[in-house]
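Accompanying notes for the structure given below.
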Amino acid sequence: MTTIDVRDPVTVSAYEQSVADYWNSERNPVNLRLGEVDGFYHHHYGIGEPDWSVLEGPEETRDRRVAAELHRLECLQADLLAAHLGDVGPDDRLLDCGSGRGGGSFVANLKFGCRVDGVSISETQVEFANDQAAQRGVSDRVRFHLKNMLETGFPTGAYRSAWNNESSMYVDLSLLFAEISRLLRRGGRYVTVTGCYNDAYGLPSRAVSEINAHYICDIHPRSAYFREMAANRLVPVTVIDLTEATIPYWEMRARSSLVTGIEETFLTAYRSGSFQYLLIAADRV
Ligand code: GPP
Ligand code: MG
């Protein structure tokens, strides 16, 4: 018998409550239809070259083909992140900060056979993800908790690796990396995939500000990641600029029936050089 702590109290600021409200009511077909393709529900974007031929062929099956292709690109992104989590063994514990509907945690559990804890401040997401864990028969290994990633209450040094997949723009990085650094054991690995604004462009462009407004987030400058990692014993080991690799995902999404209205803004932000899509992996020293 496993107990699931969805009713644990979670400390949230008024801002965080507004973010939780967004995710509690979020039902975007671009996330649900893609998740239904194979049961991995992701809340991140895709990378890699799409098969553009899915736009051709019978009209009545076009939406299904495009959803499957966008989902394939999301899965490539999740696999890339998981490939940077280090040499994880089945007895290790991993932490998914901002775990959404659980897709990334299940990818990691499947890859390594390890335990995974996901945290989210959205009750709806935590319940959805724990239902997925039960359906998959992995509730004893993969658990989702209604907790604030800035103050999880989890034991110090308990984790082999931890990640944020497009969730660090909702939090103060100095607080986040202090908590990550506390939770990771020495020699552990942290990975973030994130959209950041480009210091070399200047301050946030209009497009970046529109993305912030769309998701109620606060996209950080690239510099802040490295500054706050350095301040919290997290030493970057790999940095990959995924900007070019994610643009085709947005081009295909913009031509699909699953648009949310933010597609052209992302394309403008990336093409202007004001916005970058990065993977940063760091060692906890
Ligand atoms: C992805 O989630 C987006 C975020 C978590 C926030 C912003 C990310 C940046 C890189 C700025 P999603 O898959 O729920 O978004 P969408 O509904 O647009 O697909
Ligand atoms: Mg999505």
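A short reminder: the numbers here are calculations on the coordinates, not readings from a lab. Everything numeric here is computed off the predicted structure, so don't read it as measured data. Positions of Cβ are generated from backbone atoms using ideal geometry, with glycine treated the same way; all protein chains shown enter the neighbour counts.
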- List pairs: first in the range 227-240 and within 8 Å of ALA282 (Cβ to Cβ), second surrounded by fewer than 14 Cβ atoms within 10 Å (Cβ to Cβ), Cβ under 6 Å, 6+ apart or cross-chain? VAL235/VAL285
- Query: In the range 149-177, what residues are under 19 Å from the mean Cα position of the chain (by Cα) and surrounded by fewer than 17 Cβ atoms within 10 Å (Cβ to Cβ)?
  - Reply: GLU151, ASP172, SER174, LEU175
- The helices (runs of 4 or more DSSP H) lying entirely within the range 145-237 that contain at least 3 residues which are touching a helix residue (DSSP H, G or I) at 6+ places or on another chain (Cβ under 8 Å) and closer than 25 Å to ALA129 by Cβ are 173-183, 206-215
- Query: In the range 113-127, is there at least one residue being surrounded by fewer than 20 Cβ atoms within 10 Å (Cβ to Cβ) and within 16 Å of ligand 2 (Cβ to nearest atom)?
  - Reply: yes
- From the residues in the range 238-249 that are in a helix (DSSP H, G or I) and not β-branched (Val, Ile, Thr), which one is nearest to THR260 (Cα to Cα)? TYR249
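Do we find a residue being more than 10 Å from ligand 1 (Cβ to nearest atom) and surrounded by fewer than 12 Cβ atoms within 10 Å (Cβ to Cβ) anywhere in the range 42-49?
Within the range 42-49 (the criterion being more than 10 Å from ligand 1 (Cβ to nearest atom) and surrounded by fewer than 12 Cβ atoms within 10 Å (Cβ to Cβ)), the answer is yes, since at least one residue qualifies.
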- Search result, residues across the range 205-222 that are over 16 Å from LEU278 (Cβ atoms) and within 21 Å of the chain's Cα centre (by Cα): ALA207, SER209, GLU210, ASN212, ALA213, HIS214, TYR215, ILE216, ASP218
